[in-house]
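Trainee: Here it is, the structure in full.
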Number of protein chains: 2
Amino acid sequence: MPTTRSYGDACTIARALDVVGERWALLVVRELLFGPRRFSDIRRGLPGASSNLVADRLRELEAREVIHRRRLPPPAASWVYELTPRGRRLEPVLDALGEWGGELPRPPEPFALSAASVLLYLRGAARPDPAEPPATFRVELRTGGDVAEVWTVRTGDGRVQVEPGEPPRADAGISTDPHGLNDLLAEPSTLDDHDVTGDRAALRRLVRSVQAA
Amino acid sequence: MPTTRSYGDACTIARALDVVGERWALLVVRELLFGPRRFSDIRRGLPGASSNLVADRLRELEAREVIHRRRLPPPAASWVYELTPRGRRLEPVLDALGEWGGELPRPPEPFALSAASVLLYLRGAARPDPAEPPATFRVELRTGGDVAEVWTVRTGDGRVQVEPGEPPRADAGISTDPHGLNDLLAEPSTLDDHDVTGDRAALRRLVRSVQAA
DNA sequence: CCGCATCCGTTTCGATACTG
DNA sequence: CAGTATCGAAACGGATGCGG
């Protein structure tokens, strides 16, 4: 059964926490930052959360108009969750939390690390040279078991864009897992250890631009 | 007994929530944003939190170096809690949450509203005319029962500064309670309903500058 | 399989009472 | 004033069940 408790405090901070302050709520939002995701995708990004908890949070967040449940067009016949405009406005909150959390120690291994987490870090930390031509990358991330998610990462204009799903065309591709990508961003010289296709130099520039920051 | 559970997730957002994601934790930080406070001051700002919860959170936040427990110099012989540098760096998180929470409905009455909450709102929303001369205000807020807190509010340079405690000298003073001050900021014309001393015009300018925003 | 619902032991919360 | 002790209620976390 969904949680409805409130701080009973008119302060806007407390009102915000009434909606997204329950355990796992902001991490669910994190998983949706890059676009719609199915229930099982969300669960894969939050391996520590039990299924009923995720279902509860999704219901609560939907009731508060932070997320929206939508049926995919045929032939998918599946449901996806996506952020509403209100939910997308939580991005500054997650950015601020992520910035603050960067100074804290990591939990002991083994720890989770979702695709969304790493790509959020990549997008925030990479500073691609604006003079470089735009490039599109296919990033394949093995997320538990033999399941793999495919993401589209684009550079250009000194920015990095991230979207879930297969790119229509890619200059380069890399296949790894979230931990591997994270390690790569911390230590660009390990690029050769990874399964890379296409324009390796473009990928190298992207990865190195994280260090520059 | 303090909580030590972790999301077990290396994402910096999850690491931040490991430390300040427990219930009431960020509201305790809110109460300390303007300076050191005693246990009972914090409790008065969080009337919905039981004493053992507040004690637990304070211990946890101290262990994570978000706050620090310090003995006041004699003859006070009392203890205060204050933010560490790490704790002060949470201000952007609270700002982002407060901004987002502003669009949400208030809880049903009766709701709490601490002095820190209202003054946080005042400081964030007021846009005093930079051309006006600086002014200092004594703000006395009755916070439950017959207890009153005294705060110092200064304008100047187009900014508002807030500190707990008696001002050395004040151009004007107002005595009300947090709800009254909040209502006043929403409806400046009600200033005449309040107990004001000194330069009423300066206080009126401050209050009206919240509307301009 | 995916998307939950149900059950159940454990942890946390919240209210009240109590102590140095 | 500044907490601790206790206890029932709620929330969490893991396992399992089950319809589409």
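Trainee: Name the single residue, out of those in region B:86-125 being assigned to a helix (DSSP H, G or I) and open to solvent by 80 Å² or more (accessible area, probe 1.4 Å), that is nearest to B:Thr152 (Cα to Cα). It would help to see each step written out before you state the result.
Mentor: Narrowing region B:86-125 to residues assigned to a helix (DSSP H, G or I): B:86-88, B:91-101, B:115-125.
From what is left, the residues that are open to solvent by 80 Å² or more (accessible area, probe 1.4 Å) are B:88, B:95, B:99, B:121.
Values: B:Arg88: 20, B:Asp95: 21, B:Glu99: 24, B:Tyr121: 15 Å.
Top of the filtered list is B:Tyr121.
Trainee: Select, from B:Ala96, B:Ala49, B:Ala25, the only residue that is aliphatic (A, V, I, L, M) and within 12 Å of DNA strand D (Cβ to nearest atom). Can you show your working first?
Mentor: On the way: B:Ala96 fails: within 12 Å of DNA strand D (Cβ to nearest atom); B:Ala25 fails: within 12 Å of DNA strand D (Cβ to nearest atom).
When all the criteria are applied, what remains is B:Ala49.
Trainee: Can you say whether B:Val139 is touching a strand residue (DSSP E or B) at 6+ places or on another chain (Cβ under 9 Å) and either away from chain A (no Cβ under 13 Å) or farther than 25 Å from A:Trp100 by Cβ (or both), as far as the supplied structure shows?
Mentor: Details: touching a strand residue (DSSP E or B) at 6+ places or on another chain (Cβ under 9 Å): yes; either away from chain A (no Cβ under 13 Å) or farther than 25 Å from A:Trp100 by Cβ (or both): yes.
Yes; evaluated as a whole, the condition is true for this residue.
Trainee: Let me ask something additional. Might you check whether a residue that is crowded, with 22+ Cβ neighbours inside 10 Å, within 14 Å of DNA strand C (Cβ to nearest atom) and either within 18 Å of the chain's Cα centre (by Cα) or in the same structural domain as B:Gly124 (by TED's automatic domain parsing) (or both) occurs anywhere in region B:30-39?
Mentor: no
Trainee: Another one. Counting only residues that are within 12 Å of DNA strand C (Cβ to nearest atom) and either within 14 Å of chain B (Cβ to nearest Cβ) or in a loop (DSSP other than H, G, I, E, B) (or both), how many does region A:62-85 have?
Mentor: So the count comes out to 4.
Trainee: Now a separate question. From the residues in region A:1-57 that are basic (Lys, Arg) and in a helix (DSSP H, G or I), which one is nearest to the other protein chains (Cβ to nearest Cβ)? Give the steps one after another, and end with the answer.
Mentor: Step one: list which residues in region A:1-57 are basic (Lys, Arg), which gives A:5, A:15, A:23, A:30, A:37-38, A:43-44, A:57.
Next, only the ones that are in a helix (DSSP H, G or I) stay: A:15, A:30, A:43-44, A:57.
On the way: A:Arg15: 4, A:Arg30: 6, A:Arg43: 13, A:Arg44: 13, A:Arg57: 13 Å.
So, considering only residues that are basic (Lys, Arg) and in a helix (DSSP H, G or I), the one nearest to the other protein chains (Cβ to nearest Cβ) is A:Arg15.
The values are calculated or read from the model by the stated rules, or taken from the named source; none is laboratory data. Predicted, not measured: the structure shown is a model, and the values here were computed from it. FYI the Cβ positions are ideal-geometry reconstructions off the backbone, even for glycines, and counts take in every protein chain you see. Keep in mind that these areas ignore ligands, DNA and RNA; they rest on the heavy atoms of the full protein, side chains included. Shrake-Rupley method; radii C 1.70, N 1.55, O 1.52, S 1.80 Å.
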